[in-house]
Structures are given as structure tokens and as C-alpha cells.
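Beneath this line is the structure, given in C-alpha cells, with notes to follow.
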Amino acid sequence: MNSPTREQISPYQMLALMFFTRLASRTLICPTTMTSPPTRDLWIADAVSAAVAVIFVVAVCRLGEKYPDRSIIQYAGDLLGGPVRVGIGITLAAYFLFVGAYSARMLGEAFTMSIMPHTPLTVFIAGITLLAANAARGGLEIIARAGELLFPIILALLLLLLILPFDQVDPTRFLPLLPNGLAEVIPATTIEFMFYLEFIVLGLLIPHLRAPEKATRFAVIFTAANGLFMTIMCLIMVGIFGPTLDALGLQAFLLARMVRVGEFFERVESVLLASWVLSTGVKISLMIWGFCTCLQQIGGLVRWRHLSYPVGVLLTASSLLLFTDVANMARLLAEPWTLVSITSVLVLTALLWGGHILRSRGENER
């Protein structure tokens, strides 16, 4: 059972945090723009990557449910030993830092590319990171409550973004389907699956669940629903923008500009930008919390909240120094980061499952 002094969140709040981790901020860049194959076929990559991601999520959650009072770093030490525990903790801390850095940079680029091109990029990144660090300092319950409050509002906005311009979709732009075979969408599927690996943060969240036995069910439901949403979004964008989609930036923003109901409801892109700010802020807060939690658990720290602001500064510097522009960021995410993240996260998960299986066999033989 969870300790009464440990921060606790509900399964619904966990689902909301998954939403902000994966779906809301992912709409900043359309999945089709990081690869070279024909855009009309890449909705298949969204569907296939979601199916594979369900397996990954089940692996992470099932393992967490077997050790409901221990985080992924803590039971790594139990299963594989202290040095491996430290290695896994450092790997996850670096992973959360990079995810937070590219998320902040993505939001900053969205503002400079859309409505405020003359404002320094640093202003947007530092501003959102400061707010996120302040929320992270309040602890997981504060982040979860913010996510719980914003989740239905932003979800409704994203659904409207898909429904209202639907009459402008041209089905002929989806054809021909896979003229060169299924192999051409494999790179896009790999890249899209890479973003699902951010759900490794569930390994830190499950010990804080009031009902950890529900983690797998909620996580699988959201992952499948997310895959369906992203597939539909990709189809709508291809159906509207056609072969010009690859040449466009901030496709969701352009899609919002096309929304119009009668003569009174239009120009909703500012609302979309506001939703991006809020959703990215929740995601960065969770990444900062995850980074600080990793440091606490590998270093045996009693207090960690004072680390949130220095981590926020480190995250801001990383987002500015790691990427030269949005095109460079897309290339880094599509090539080296995809390989590094998939390799490290999947190897980490496989090691933990191997340790668990060996430990279970040893206990059964006694």
C-alpha cells in the first residue's frame, strides 16, 4: 500500500498527465513533417506506432504494478543492484531533461513562427520554464491537479480543431495508397513510436497512484485513444493540405485558422496557442519533477524541491543550446534522438523484466 505521507494521484489524474505528455504538445508538429516518404500514407505510421506503443505501456505498467510501493529506480536497485540503479537513474534524468528541453523549444518556436516573430526566443522559453519549475516545486499533486483541471478543456479544443474543418477534406488526396509498399512508412513509424517512449515516466508515477492496480487499464485505454486521435488528425491534414503539407510549418495552427462557423466564430488560432502554452507547461513541470525525483532517489536526498529552479535554468539553457532552429530540432529528433531513446528505454525495460523474471524463478525454487 502507498505510504500515507507520499503524494498521491488518482488514475484519472495519471491519464491527464499522459495526455499532456503525449497528445497535446505533439500537435505542435505534425507527425508527417519529419520524414521524406509521401505524406498521404503516413497516417498508417500513427496507427502502427500506437499499436506497438500499447505493448510498451503494458510492459512498463505491469512491472510497476508488481512493485506498487517502489519507483522504477528503486526496484531497479532491488532487481539489478545498486550500480545499475544509479545508471538507470542517470539515464532517466538525462532523458527527462532532453524531453523537457525540446518541448520548451517547440513552444518557443511556435510563437516566433506564428504571431510574435520579433520577440526573442529566450523570452518564451524562460517564461514557460520558470512557471513549470514553480509548479514542479509544489510537487506531483499540484501538477496532477492542474492537469486534471485543464484536461477536458484542451481535449475539447483539439476535438473541435478536427471536427470543424472536416468539410474541407478532399478524399482523393489519400490516393494512391502505399504505391511503393509498406516499407516506406517504417521510418515514420519508428519516429512516431519514439514519442510514446515518454510514457516511461509512468515508472515514477505508479507508486503515487491511489489504485496502482488500475495503471495498466487506464494507460492502455489512453494509448489506444491517442493513436486513433493522431491517425484522424493526420488524415484530416493530408486531406486538406495535400502534398503541400511537408512544406508547411505549424500545420495545426494553420488548420485552426481555417475554422469558421457562420460570421461570428473564427480566428481561433489564439485559443489554440493558449492551449499549447498550458499543455506544454504541464508537460515540462512533469519532466522537471521526474528529473528531480531521479536525483533524489539515486542520491538519497531528503529534500528535492529546492532543485526545481536550478533544473529549470538547466532546461532553458539546454533548449537554447541543443538546437539551432526548428529544422535542426526536427532532424535531431528524427535521426540520432530516435535511435538513442528507443535503444536506451527499451534496453532499460528489458533489463528490468529480465531481473524480475530471474528473481521470480529464484523465489519459486526455494
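Just one residue in the set 307, 348, 286 is over 19 Å from residue 109 (Cα atoms), without any contact (Cβ under 8 Å) to a residue 24 or more places away in the chain, of a type in the set (A, V, I, L, M) and buried (at least 18 other Cβ atoms within 10 Å of the Cβ); that residue is 307. Only a single item in (1) more than 24 Å from residue 286 (Cβ to Cβ); (2) at pLDDT 95 or above; (3) not basic (Lys, Arg) is not met by residue 177, and it is number (2). Taking into account only those residues within segment 37-82 that are surrounded by fewer than 18 Cβ atoms within 10 Å (Cβ to Cβ) and basic (Lys, Arg), which is farthest from residue 173 (Cα to Cα)? That would be 66. Taking segment 259-278 as the range and being of a type in the set (A, V, I, L, M) and at pLDDT 70 or above as the test, the residues that pass are 271, 272, 273, 274, 277, 278.
Output yes when any residue across segment 227-234 is in a helix (DSSP H, G or I), of a type in the set (A, V, I, L, M), free of Cβ contacts under 8 Å to residues at least 24 places away in the same chain and within 15 Å of residue 45 (Cα to Cα), and no when none is. Spell out the reasoning first.
We begin by selecting, within segment 227-234, every residue in a helix (DSSP H, G or I); these are 227-234.
This time we only want the ones that are of a type in the set (A, V, I, L, M), so: 228, 230, 232-233.
If we keep only those that are free of Cβ contacts under 8 Å to residues at least 24 places away in the same chain too, we end up with none.
Looking for residues that are in a helix (DSSP H, G or I), of a type in the set (A, V, I, L, M), free of Cβ contacts under 8 Å to residues at least 24 places away in the same chain and within 15 Å of residue 45 (Cα to Cα), one finds none in segment 227-234, hence no.
When each of 216, 172 is tested for being surrounded by fewer than 16 Cβ atoms within 10 Å (Cβ to Cβ) and hydroxyl-bearing (Ser, Thr, Tyr), the lone residue that passes is 172. Report whether or not residue 353 is part of a helix (DSSP H, G or I), farther than 20 Å from residue 93 by Cβ and of a type outside the set (Asp, Glu). When the stated conditions are applied, residue 353 passes them. Going by the structure shown, is residue 142 modelled with pLDDT of 90 or more, surrounded by fewer than 17 Cβ atoms within 10 Å (Cβ to Cβ) and in contact with a helix residue (DSSP H, G or I) (Cβ under 8 Å, 6 or more places away or on another chain)? The answer is yes for residue 142.
The one condition from (1) over 21 Å from the mean Cα position of the chain (by Cα); (2) surrounded by 12 or more Cβ atoms within 10 Å (Cβ to Cβ); (3) free of Cβ contacts under 8 Å to residues at least 12 places away in the same chain that residue 335 does not meet is (1).
Selection of first residues in segment 76-93 that are hydroxyl-bearing (Ser, Thr, Tyr) and of second residues that are surrounded by 16 or more Cβ atoms within 10 Å (Cβ to Cβ), restricted to Cβ pairs under 9 Å at least 6 apart or on distinct chains, gives the following pairs, ordered by first then second residue: 91/294; 91/344; 91/345; 91/348.
Comparison of 44, 55 shows that the only residue that is part of a helix (DSSP H, G or I) and either at pLDDT 95 or above or closer than 24 Å to residue 139 by Cα (or both) is 55. Of everything in segment 338-357 that is under 17 Å from the mean Cα position of the chain (by Cα) and small (Gly, Ala, Ser), the residue that is farthest from residue 133 (Cα to Cα) is 344.
Close Cβ contacts (under 7 Å, 6 or more residues apart or on different chains) running from residues in segment 212-224 that are without any contact (Cβ under 8 Å) to a residue 40 or more places away in the chain to residues that are surrounded by fewer than 21 Cβ atoms within 10 Å (Cβ to Cβ) and of a type in the set (Gly, Ala, Ser) are absent. Can residue 166 be described as buried (at least 20 other Cβ atoms within 10 Å of the Cβ), of a type in the set (A, V, I, L, M, F, W, C) and either within 23 Å of residue 333 (Cα to Cα) or at pLDDT below 90 (or both)? Judged against the criteria, residue 166 is not a match. Taken as a whole, the condition of being of a type in the set (Val, Ile, Thr), crowded, with 19+ Cβ neighbours inside 10 Å and closer than 21 Å to residue 197 by Cβ does not apply to residue 128. Got a sec? Which of 76, 94 is at pLDDT 95 or above, among the small types (Gly, Ala, Ser), part of a helix (DSSP H, G or I) and closer than 21 Å to residue 351 by Cβ? Selected residue: 94, the only one of 76, 94 that is at pLDDT 95 or above, among the small types (Gly, Ala, Ser), part of a helix (DSSP H, G or I) and closer than 21 Å to residue 351 by Cβ. Cβ separations smaller than 6 Å between residues 6+ apart or across chains give the following pairs from segment 100-111 residues that are in contact (Cβ under 8 Å) with a residue 40 or more places away in the chain to residues that are charged (D, E, K, R): 103/283.
Annotation: residue 164 fulfils all but one of (1) on the phi < 0 side of the Ramachandran plot; (2) touching an Asp or Glu at 6+ places or on another chain (Cβ under 7 Å); the unmet one is (2). When restricted to residues that are outside any helix (DSSP H, G or I) and at negative phi, segment 121-153 contains 1.
The values are calculated or read from the model by the stated rules, or taken from the named source; none is laboratory data. Quick caveat: nothing in here was measured; it's all calculated off a predicted structure. Glycine gets a Cβ as well: all are built from the backbone with ideal geometry, and neighbour counts include every protein chain shown.
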